[in-house]
1. Would you kindly state how much longer the chain becomes between residue B:75 and residue B:14 on full extension, computed as 0.36 nm times their sequence separation minus their alpha carbon distance, in nm to one decimal?
2. Just how much of residue B:23 is accessible, in Å², when a 1.4 Å probe is used and the result is rounded to the nearest 10?
3. Relative to the longest principal Cα axis of chain B, at what angle does helix B:191-216 sit, 0 to 90 degrees, rounded to 10?
4. Residue B:100 to residue B:150: FRET efficiency via 1/(1 + (r/R0)^6), r the Cβ-Cβ distance, R0 25 Å, to the nearest 0.05?
5. Could you run the numbers on buried accessible area between B and A, total for both chains, 1.4 angstrom probe, in Å² to the nearest 100?
6. Could you work out the pair-distance distribution P(r) of region B:243-292 from its alpha-carbon pairs, with 10 angstrom bin width and percents rounded to whole numbers?
7. Which values, in whole Å and largest first, are the semi-axes of the equivalent ellipsoid of region B:277-399 obtained as the square root of 5 times each eigenvalue of the Cα gyration tensor?
8. Counting only Cα, what are the radius of gyration and maximum Cα-Cα distance Dmax of chain B, in Å?
Amino acid sequence: MTRYQCPECGYEYDEAAGDPHQGYPAGTAWDSLPETFTCPDCAVRYKEDFRALEE
Amino acid sequence: MQHLAADNGLAGYVDRKRRLWLFSLMVPGLALVGPLLYMLVSPNVLWLWLSTIFGYVVIPMLDGVLGEDLSNPPEEAVPALEADPYYRYVTYALVPILWVSFIVNIAFLGLHELPWYGTLAVILATGGSLGFGLNLGHEMGHKKTGLERWLAKITLALGCYGHFFVEHNRGHHRDVATPEDPASARMGESIYRFVFREMPGAFFRAWDLEAQRLERCGKSVWSLDNEVLQPALISAVLYALLIAWLGIEILPVMLLIAFWGAFQLTQANYIEHYGLLRRKEPSGRYERCQPHHSWNSNHLFSNWALFHLQRHSDHHAHPTRRYQSLRDFPDLPRLPNGYFGMYLLAYFPPLWQRVMDPRLLEAVGHDPQRINFLPAKREQLMRRYGLSEAPLDGAGAAA
Ligand SMILES: [Zn+2]
(Lines give C-alpha, C1' and ligand atoms only; values in the text may rest on other atoms or scores of the structure.)
Protein backbone atom coordinates (compact mmCIF):
# COMPACT_ATOMS: atom_id res chain seq x y z
CA MET A 1 0.00 0.00 0.00
CA THR A 2 1.46 3.32 -1.09
CA ARG A 3 0.50 6.95 -0.62
CA TYR A 4 0.50 9.41 -3.50
CA GLN A 5 0.69 13.17 -3.07
CA CYS A 6 -0.48 16.10 -5.16
CA PRO A 7 2.59 18.27 -5.81
CA GLU A 8 0.43 21.42 -5.88
CA CYS A 9 -1.73 21.31 -2.77
CA GLY A 10 -0.46 18.39 -0.71
CA TYR A 11 -3.58 16.23 -1.03
CA GLU A 12 -2.67 12.62 -0.26
CA TYR A 13 -4.22 9.54 -1.75
CA ASP A 14 -3.58 6.61 0.56
CA GLU A 15 -4.35 3.29 -1.14
CA ALA A 16 -5.20 1.75 2.23
CA ALA A 17 -7.81 4.43 3.02
CA GLY A 18 -8.96 5.21 -0.52
CA ASP A 19 -11.14 8.31 -0.87
CA PRO A 20 -14.70 7.16 -0.14
CA HIS A 21 -16.11 10.67 -0.66
CA GLN A 22 -14.86 10.58 -4.25
CA GLY A 23 -16.16 7.04 -4.67
CA TYR A 24 -12.87 5.17 -4.25
CA PRO A 25 -13.32 2.73 -1.35
CA ALA A 26 -10.54 1.76 1.07
CA GLY A 27 -8.05 -0.52 -0.63
CA THR A 28 -8.52 0.95 -4.13
CA ALA A 29 -5.12 0.72 -5.81
CA TRP A 30 -3.64 3.84 -7.41
CA ASP A 31 -3.33 1.98 -10.70
CA SER A 32 -7.04 1.26 -10.83
CA LEU A 33 -8.00 4.95 -10.51
CA PRO A 34 -9.22 6.26 -13.88
CA GLU A 35 -6.69 8.04 -16.11
CA THR A 36 -8.94 11.10 -15.93
CA PHE A 37 -8.36 11.35 -12.15
CA THR A 38 -7.60 14.91 -11.08
CA CYS A 39 -6.68 16.10 -7.60
CA PRO A 40 -9.95 16.23 -5.61
CA ASP A 41 -8.80 19.30 -3.67
CA CYS A 42 -7.18 21.61 -6.22
CA ALA A 43 -8.32 19.98 -9.52
CA VAL A 44 -5.30 21.39 -11.38
CA ARG A 45 -2.99 18.37 -11.15
CA TYR A 46 -3.54 15.17 -13.11
CA LYS A 47 -2.91 11.58 -12.08
CA GLU A 48 0.51 11.48 -13.73
CA ASP A 49 1.59 14.57 -11.74
CA PHE A 50 1.23 12.79 -8.38
CA ARG A 51 4.33 11.59 -6.53
CA ALA A 52 4.57 8.29 -4.67
CA LEU A 53 5.60 8.92 -1.07
CA GLU A 54 8.40 6.92 0.52
CA GLU A 55 7.35 4.99 3.60
CA MET B 1 12.78 28.13 3.37
CA GLN B 2 11.22 25.74 5.81
CA HIS B 3 13.61 26.58 8.65
CA LEU B 4 13.15 30.32 8.17
CA ALA B 5 9.42 29.94 8.52
CA ALA B 6 9.88 27.81 11.60
CA ASP B 7 12.38 30.20 13.20
CA ASN B 8 10.54 33.48 13.17
CA GLY B 9 7.15 32.82 11.67
CA LEU B 10 6.69 35.64 9.20
CA ALA B 11 10.45 35.95 8.52
CA GLY B 12 10.33 39.63 9.38
CA TYR B 13 7.41 40.26 7.03
CA VAL B 14 4.67 42.62 8.17
CA ASP B 15 1.35 42.33 6.34
CA ARG B 16 0.32 45.95 5.89
CA LYS B 17 -3.04 44.86 4.52
CA ARG B 18 -3.92 42.84 7.63
CA ARG B 19 -6.43 45.31 9.11
CA LEU B 20 -7.55 46.50 5.70
CA TRP B 21 -9.14 43.12 5.01
CA LEU B 22 -11.95 44.39 7.22
CA PHE B 23 -13.09 46.28 4.11
CA SER B 24 -14.11 42.83 2.88
CA LEU B 25 -16.75 42.93 5.63
CA MET B 26 -17.77 46.58 5.35
CA VAL B 27 -18.33 46.85 1.60
CA PRO B 28 -20.74 43.86 1.44
CA GLY B 29 -22.37 45.15 4.66
CA LEU B 30 -23.38 48.39 2.91
CA ALA B 31 -26.51 46.69 1.57
CA LEU B 32 -27.76 46.50 5.14
CA VAL B 33 -27.09 50.18 5.81
CA GLY B 34 -29.64 51.49 3.28
CA PRO B 35 -32.80 50.02 4.83
CA LEU B 36 -31.51 50.80 8.35
CA LEU B 37 -31.02 54.49 7.49
CA TYR B 38 -34.46 54.52 5.82
CA MET B 39 -36.14 53.13 8.94
CA LEU B 40 -34.08 54.88 11.63
CA VAL B 41 -33.13 58.24 10.10
CA SER B 42 -35.55 59.27 7.39
CA PRO B 43 -37.74 57.42 4.85
CA ASN B 44 -35.73 58.61 1.89
CA VAL B 45 -35.34 56.27 -1.10
CA LEU B 46 -31.89 57.73 -1.79
CA TRP B 47 -30.47 55.75 1.16
CA LEU B 48 -31.41 52.55 -0.64
CA TRP B 49 -29.16 53.46 -3.58
CA LEU B 50 -26.13 53.87 -1.32
CA SER B 51 -24.42 50.52 -1.87
CA THR B 52 -25.16 50.41 -5.62
CA ILE B 53 -23.68 53.88 -6.12
CA PHE B 54 -20.73 52.87 -3.99
CA GLY B 55 -20.14 49.80 -6.17
CA TYR B 56 -20.46 51.48 -9.55
CA VAL B 57 -19.08 54.95 -8.88
CA VAL B 58 -17.05 55.14 -5.69
CA ILE B 59 -15.07 51.87 -5.99
CA PRO B 60 -13.88 52.47 -9.59
CA MET B 61 -12.88 56.01 -8.54
CA LEU B 62 -11.03 54.74 -5.47
CA ASP B 63 -9.27 52.19 -7.67
CA GLY B 64 -8.22 55.01 -9.97
CA VAL B 65 -7.06 57.23 -7.11
CA LEU B 66 -5.46 54.68 -4.75
CA GLY B 67 -3.94 52.78 -7.66
CA GLU B 68 -2.26 49.41 -7.60
CA ASP B 69 -0.36 47.40 -5.03
CA LEU B 70 2.42 45.25 -6.44
CA SER B 71 3.76 44.01 -3.10
CA ASN B 72 3.86 40.31 -2.33
CA PRO B 73 4.42 38.34 0.84
CA PRO B 74 7.79 36.57 0.59
CA GLU B 75 7.42 32.82 0.04
CA GLU B 76 9.02 32.14 3.47
CA ALA B 77 6.20 34.03 5.19
CA VAL B 78 3.39 32.18 3.45
CA PRO B 79 3.12 29.14 5.80
CA ALA B 80 2.75 31.45 8.82
CA LEU B 81 0.31 33.71 6.95
CA GLU B 82 -1.79 30.70 5.96
CA ALA B 83 -1.80 29.41 9.54
CA ASP B 84 -2.80 32.75 11.13
CA PRO B 85 -6.46 32.23 12.15
CA TYR B 86 -7.24 35.98 12.01
CA TYR B 87 -7.67 35.85 8.23
CA ARG B 88 -10.05 32.91 8.49
CA TYR B 89 -12.11 34.64 11.20
CA VAL B 90 -12.63 37.62 8.85
CA THR B 91 -14.23 35.27 6.31
CA TYR B 92 -16.35 33.54 8.97
CA ALA B 93 -17.61 36.92 10.20
CA LEU B 94 -18.99 37.80 6.79
CA VAL B 95 -21.38 34.81 6.77
CA PRO B 96 -23.81 36.19 9.42
CA ILE B 97 -23.48 39.71 8.00
CA LEU B 98 -24.70 38.47 4.62
CA TRP B 99 -27.50 36.37 6.10
CA VAL B 100 -28.79 39.21 8.30
CA SER B 101 -28.50 41.65 5.40
CA PHE B 102 -30.47 39.37 3.08
CA ILE B 103 -33.29 38.72 5.56
CA VAL B 104 -33.54 42.38 6.64
CA ASN B 105 -33.70 43.54 3.03
CA ILE B 106 -36.35 40.98 2.06
CA ALA B 107 -38.43 41.83 5.13
CA PHE B 108 -37.97 45.53 4.40
CA LEU B 109 -39.36 45.01 0.89
CA GLY B 110 -42.23 42.89 2.20
CA LEU B 111 -43.28 45.32 4.91
CA HIS B 112 -42.85 48.72 3.19
CA GLU B 113 -44.71 50.38 0.34
CA LEU B 114 -41.97 51.63 -1.95
CA PRO B 115 -42.07 53.39 -5.32
CA TRP B 116 -40.71 51.24 -8.15
CA TYR B 117 -37.33 52.93 -8.01
CA GLY B 118 -37.13 52.10 -4.31
CA THR B 119 -37.87 48.44 -4.95
CA LEU B 120 -35.33 48.45 -7.77
CA ALA B 121 -32.72 49.95 -5.45
CA VAL B 122 -33.23 47.19 -2.86
CA ILE B 123 -33.11 44.47 -5.54
CA LEU B 124 -29.81 45.81 -6.91
CA ALA B 125 -28.30 46.32 -3.45
CA THR B 126 -29.32 42.92 -2.12
CA GLY B 127 -28.34 41.15 -5.34
CA GLY B 128 -25.02 42.95 -5.15
CA SER B 129 -24.49 41.66 -1.61
CA LEU B 130 -25.20 38.14 -2.90
CA GLY B 131 -22.38 38.75 -5.36
CA PHE B 132 -20.08 39.31 -2.39
CA GLY B 133 -21.57 36.11 -0.96
CA LEU B 134 -20.49 34.27 -4.09
CA ASN B 135 -17.01 35.71 -3.67
CA LEU B 136 -16.95 34.55 -0.04
CA GLY B 137 -18.32 31.12 -0.96
CA HIS B 138 -15.59 30.98 -3.58
CA GLU B 139 -12.83 31.72 -1.07
CA MET B 140 -14.11 29.22 1.51
CA GLY B 141 -15.23 26.56 -0.97
CA HIS B 142 -11.63 26.11 -2.12
CA LYS B 143 -10.43 25.23 1.37
CA LYS B 144 -9.93 21.75 2.73
CA THR B 145 -11.61 22.01 6.13
CA GLY B 146 -15.13 20.68 6.53
CA LEU B 147 -16.15 23.84 8.40
CA GLU B 148 -15.13 26.16 5.59
CA ARG B 149 -16.77 23.97 2.96
CA TRP B 150 -20.04 23.99 4.87
CA LEU B 151 -19.86 27.75 5.45
CA ALA B 152 -19.41 28.09 1.68
CA LYS B 153 -22.57 26.06 1.01
CA ILE B 154 -24.54 28.00 3.65
CA THR B 155 -23.45 31.33 2.14
CA LEU B 156 -24.13 30.30 -1.45
CA ALA B 157 -27.59 29.02 -0.46
CA LEU B 158 -28.74 32.64 0.07
CA GLY B 159 -28.81 33.20 -3.68
CA CYS B 160 -29.80 29.62 -4.68
CA TYR B 161 -26.28 29.15 -6.07
CA GLY B 162 -24.92 26.27 -3.99
CA HIS B 163 -24.01 24.29 -7.11
CA PHE B 164 -21.21 26.82 -7.66
CA PHE B 165 -19.24 25.06 -4.91
CA VAL B 166 -19.12 21.87 -7.04
CA GLU B 167 -18.96 23.35 -10.50
CA HIS B 168 -16.26 25.90 -9.80
CA ASN B 169 -13.71 23.73 -8.00
CA ARG B 170 -13.96 20.57 -10.05
CA GLY B 171 -15.28 22.06 -13.33
CA HIS B 172 -14.10 25.60 -13.97
CA HIS B 173 -10.59 25.01 -12.60
CA ARG B 174 -10.22 21.91 -14.77
CA ASP B 175 -11.61 23.45 -17.99
CA VAL B 176 -10.66 27.11 -17.56
CA ALA B 177 -9.61 29.06 -20.69
CA THR B 178 -10.82 26.33 -23.07
CA PRO B 179 -13.88 26.25 -25.35
CA GLU B 180 -15.19 23.50 -23.03
CA ASP B 181 -15.65 25.95 -20.15
CA PRO B 182 -19.02 27.74 -19.92
CA ALA B 183 -17.43 30.08 -17.35
CA SER B 184 -14.62 31.36 -19.65
CA ALA B 185 -15.70 34.14 -22.03
CA ARG B 186 -14.68 34.06 -25.69
CA MET B 187 -13.27 36.90 -27.77
CA GLY B 188 -16.16 38.65 -29.51
CA GLU B 189 -18.73 37.32 -27.02
CA SER B 190 -20.73 40.07 -25.29
CA ILE B 191 -21.68 39.66 -21.65
CA TYR B 192 -25.34 39.46 -22.70
CA ARG B 193 -24.59 36.46 -24.88
CA PHE B 194 -22.18 34.94 -22.37
CA VAL B 195 -24.79 34.80 -19.60
CA PHE B 196 -26.96 32.39 -21.63
CA ARG B 197 -24.03 29.99 -21.84
CA GLU B 198 -22.57 30.59 -18.39
CA MET B 199 -25.55 30.20 -16.05
CA PRO B 200 -27.11 26.99 -17.46
CA GLY B 201 -23.67 25.58 -18.29
CA ALA B 202 -22.54 26.00 -14.70
CA PHE B 203 -25.60 24.28 -13.29
CA PHE B 204 -25.46 21.26 -15.57
CA ARG B 205 -21.70 20.81 -15.16
CA ALA B 206 -22.21 20.76 -11.38
CA TRP B 207 -25.04 18.27 -11.68
CA ASP B 208 -23.06 15.98 -14.00
CA LEU B 209 -20.00 16.07 -11.75
CA GLU B 210 -22.07 15.10 -8.73
CA ALA B 211 -23.93 12.41 -10.67
CA GLN B 212 -20.60 10.86 -11.70
CA ARG B 213 -19.20 11.03 -8.17
CA LEU B 214 -22.33 9.53 -6.59
CA GLU B 215 -22.38 6.76 -9.19
CA ARG B 216 -18.83 5.83 -8.18
CA CYS B 217 -20.01 5.87 -4.58
CA GLY B 218 -22.90 3.56 -5.49
CA LYS B 219 -25.45 6.15 -4.36
CA SER B 220 -28.50 7.68 -6.01
CA VAL B 221 -28.08 11.13 -7.54
CA TRP B 222 -31.04 12.14 -5.34
CA SER B 223 -29.16 11.11 -2.18
CA LEU B 224 -28.64 13.71 0.55
CA ASP B 225 -24.92 13.36 -0.10
CA ASN B 226 -25.45 15.25 -3.36
CA GLU B 227 -23.58 18.52 -2.76
CA VAL B 228 -25.80 20.34 -5.23
CA LEU B 229 -28.93 19.28 -3.37
CA GLN B 230 -27.59 20.07 0.12
CA PRO B 231 -27.38 23.86 -0.33
CA ALA B 232 -30.49 23.80 -2.57
CA LEU B 233 -32.47 22.41 0.38
CA ILE B 234 -31.21 25.25 2.59
CA SER B 235 -32.35 27.72 -0.10
CA ALA B 236 -35.77 26.05 -0.36
CA VAL B 237 -36.37 26.18 3.40
CA LEU B 238 -35.19 29.81 3.68
CA TYR B 239 -37.32 31.01 0.76
CA ALA B 240 -40.37 29.02 1.98
CA LEU B 241 -40.12 30.59 5.44
CA LEU B 242 -39.84 34.09 3.97
CA ILE B 243 -42.88 33.42 1.73
CA ALA B 244 -44.87 32.09 4.72
CA TRP B 245 -44.05 35.31 6.59
CA LEU B 246 -44.31 37.93 3.85
CA GLY B 247 -46.67 36.38 1.31
CA ILE B 248 -46.17 34.87 -2.13
CA GLU B 249 -45.69 38.36 -3.68
CA ILE B 250 -42.17 38.30 -2.26
CA LEU B 251 -41.15 35.30 -4.40
CA PRO B 252 -40.62 37.10 -7.75
CA VAL B 253 -38.65 39.79 -5.92
CA MET B 254 -36.42 37.17 -4.27
CA LEU B 255 -35.86 35.46 -7.61
CA LEU B 256 -34.85 38.77 -9.20
CA ILE B 257 -32.42 39.34 -6.33
CA ALA B 258 -31.00 35.84 -6.72
CA PHE B 259 -30.59 36.46 -10.44
CA TRP B 260 -28.80 39.74 -9.87
CA GLY B 261 -26.53 38.00 -7.37
CA ALA B 262 -25.71 35.27 -9.87
CA PHE B 263 -25.11 37.92 -12.54
CA GLN B 264 -22.36 39.42 -10.35
CA LEU B 265 -20.56 36.10 -10.75
CA THR B 266 -21.30 36.09 -14.48
CA GLN B 267 -19.60 39.48 -14.70
CA ALA B 268 -16.55 38.27 -12.81
CA ASN B 269 -16.31 35.13 -14.94
CA TYR B 270 -16.70 37.27 -18.06
CA ILE B 271 -13.65 39.40 -17.36
CA GLU B 272 -11.41 36.85 -15.64
CA HIS B 273 -10.39 34.84 -18.72
CA TYR B 274 -11.80 36.84 -21.66
CA GLY B 275 -10.44 35.45 -24.93
CA LEU B 276 -7.50 33.56 -23.36
CA LEU B 277 -6.92 29.98 -24.52
CA ARG B 278 -4.90 27.00 -23.30
CA ARG B 279 -3.39 25.08 -26.19
CA LYS B 280 -4.27 21.48 -26.87
CA GLU B 281 -1.35 19.10 -26.52
CA PRO B 282 -0.74 16.23 -28.96
CA SER B 283 -2.23 13.88 -26.33
CA GLY B 284 -5.57 15.67 -26.78
CA ARG B 285 -5.33 17.13 -23.29
CA TYR B 286 -5.06 20.88 -22.75
CA GLU B 287 -1.80 22.34 -21.48
CA ARG B 288 -1.89 23.01 -17.74
CA CYS B 289 -3.34 26.35 -16.75
CA GLN B 290 -0.57 28.97 -16.79
CA PRO B 291 -0.47 32.42 -15.18
CA HIS B 292 -1.03 34.03 -18.61
CA HIS B 293 -4.46 32.36 -18.86
CA SER B 294 -6.11 34.83 -16.45
CA TRP B 295 -6.66 38.58 -16.33
CA ASN B 296 -5.46 40.34 -13.20
CA SER B 297 -5.97 43.57 -11.34
CA ASN B 298 -3.84 44.82 -8.48
CA HIS B 299 -6.09 47.75 -7.68
CA LEU B 300 -6.01 48.22 -3.95
CA PHE B 301 -9.55 48.98 -3.00
CA SER B 302 -11.42 46.42 -5.08
CA ASN B 303 -8.98 43.74 -3.91
CA TRP B 304 -9.75 44.60 -0.29
CA ALA B 305 -13.45 44.31 -1.09
CA LEU B 306 -13.00 40.97 -2.88
CA PHE B 307 -10.46 38.96 -0.85
CA HIS B 308 -7.76 39.31 -3.55
CA LEU B 309 -9.93 37.55 -6.14
CA GLN B 310 -8.39 39.84 -8.74
CA ARG B 311 -4.97 38.27 -8.25
CA HIS B 312 -6.48 35.63 -10.39
CA SER B 313 -3.46 34.02 -12.03
CA ASP B 314 -1.98 32.98 -8.71
CA HIS B 315 -5.39 31.71 -7.64
CA HIS B 316 -5.55 29.39 -10.67
CA ALA B 317 -1.97 28.28 -10.17
CA HIS B 318 -2.62 27.52 -6.49
CA PRO B 319 -6.40 27.18 -5.98
CA THR B 320 -6.24 26.19 -2.31
CA ARG B 321 -3.95 29.12 -1.34
CA ARG B 322 -5.65 31.55 1.06
CA TYR B 323 -6.52 35.09 -0.02
CA GLN B 324 -3.93 36.82 2.19
CA SER B 325 -1.08 34.92 0.48
CA LEU B 326 -2.02 35.47 -3.18
CA ARG B 327 0.73 37.12 -5.19
CA ASP B 328 1.22 39.36 -8.17
CA PHE B 329 3.64 38.43 -10.94
CA PRO B 330 5.15 40.72 -13.57
CA ASP B 331 4.02 40.45 -17.22
CA LEU B 332 0.59 39.00 -16.53
CA PRO B 333 -2.48 39.95 -18.58
CA ARG B 334 -3.59 43.08 -16.75
CA LEU B 335 -6.94 44.90 -16.52
CA PRO B 336 -6.95 48.71 -16.65
CA ASN B 337 -9.26 49.03 -13.61
CA GLY B 338 -10.58 46.81 -10.82
CA TYR B 339 -13.45 44.39 -11.42
CA PHE B 340 -16.14 46.95 -10.58
CA GLY B 341 -14.95 49.40 -13.20
CA MET B 342 -14.57 46.56 -15.70
CA TYR B 343 -18.16 45.42 -15.07
CA LEU B 344 -19.36 48.86 -16.14
CA LEU B 345 -17.30 48.60 -19.30
CA ALA B 346 -18.70 45.13 -20.05
CA TYR B 347 -22.25 46.57 -20.09
CA PHE B 348 -21.27 48.43 -23.28
CA PRO B 349 -19.88 45.71 -25.60
CA PRO B 350 -18.38 48.07 -28.27
CA LEU B 351 -16.54 49.93 -25.53
CA TRP B 352 -15.41 46.67 -23.93
CA GLN B 353 -13.99 45.46 -27.25
CA ARG B 354 -12.21 48.73 -27.90
CA VAL B 355 -10.47 48.54 -24.51
CA MET B 356 -9.92 44.80 -24.20
CA ASP B 357 -9.25 43.50 -27.72
CA PRO B 358 -5.89 45.32 -28.09
CA ARG B 359 -4.89 44.13 -24.62
CA LEU B 360 -5.90 40.58 -25.48
CA LEU B 361 -3.94 40.64 -28.75
CA GLU B 362 -0.89 41.92 -26.92
CA ALA B 363 -1.26 39.33 -24.14
CA VAL B 364 -1.27 36.46 -26.67
CA GLY B 365 1.39 37.94 -28.98
CA HIS B 366 -1.15 38.31 -31.81
CA ASP B 367 -1.24 34.50 -32.08
CA PRO B 368 -4.78 33.38 -33.02
CA GLN B 369 -4.00 29.89 -31.75
CA ARG B 370 -3.87 31.33 -28.27
CA ILE B 371 -7.25 33.06 -28.58
CA ASN B 372 -10.53 31.53 -27.42
CA PHE B 373 -12.76 32.94 -30.21
CA LEU B 374 -16.51 33.02 -30.38
CA PRO B 375 -16.70 30.68 -33.42
CA ALA B 376 -19.19 32.85 -35.30
CA LYS B 377 -16.92 35.91 -34.99
CA ARG B 378 -13.58 34.23 -35.64
CA GLU B 379 -13.22 35.13 -39.34
CA GLN B 380 -14.42 38.67 -38.81
CA LEU B 381 -12.06 39.31 -35.89
CA MET B 382 -9.10 37.74 -37.73
CA ARG B 383 -9.74 40.12 -40.64
CA ARG B 384 -10.30 43.16 -38.48
CA TYR B 385 -7.03 42.71 -36.59
CA GLY B 386 -5.00 41.36 -39.52
CA LEU B 387 -4.28 38.03 -37.82
CA SER B 388 -3.12 34.97 -39.73
CA GLU B 389 -2.96 31.33 -38.74
CA ALA B 390 0.55 30.13 -38.04
CA PRO B 391 1.69 27.49 -40.58
CA LEU B 392 0.58 24.06 -39.44
CA ASP B 393 3.82 22.07 -39.53
CA GLY B 394 3.32 19.89 -36.53
CA ALA B 395 2.42 20.48 -32.90
CA GLY B 396 4.35 23.08 -31.00
CA ALA B 397 5.10 25.13 -34.14
CA ALA B 398 3.26 28.07 -32.68
CA ALA B 399 5.10 27.95 -29.36
ZN1 LIG C 1 -4.05 19.19 -5.41
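1. Details: separation 61, 0.36 × 61 = 21.96 nm, distance 1.30 nm.
Full extension of this stretch gives 20.7 nm more.
2. Near enough 60 Å² of accessible area.
3. Its long axis makes an angle of about 90 degrees.
4. Numbers: r = 19 Å, r/R0 = 0.74.
Once the sixth-power term is evaluated, E becomes 0.85.
5. Values: alone 17770 and 3540 Å², together 19700 Å².
The contact between A and B buries close to 1600 Å².
6. Bins of 10 Å from zero give 20, 25, 21, 16, 13, 5 percent of pairs.
7. Working: eigenvalues 153, 85, 22 Å².
After diagonalising the Cα gyration tensor, the semi-axes are 28, 21, 11 Å.
8. Rg and Dmax of chain B, Cα atoms, are 21.7, 72 Å.
The values are calculated or read from the model by the stated rules, or taken from the named source; none is laboratory data. Since the model is a prediction, treat every value here as computed from it, not as a measurement. Note that each Cβ is placed from the backbone with ideal geometry, even for glycine, and that neighbours are counted across all protein chains shown. For accessibility, only protein heavy atoms count, side chains too; no ligands or nucleic acids. Shrake-Rupley method; radii C 1.70, N 1.55, O 1.52, S 1.80 Å.
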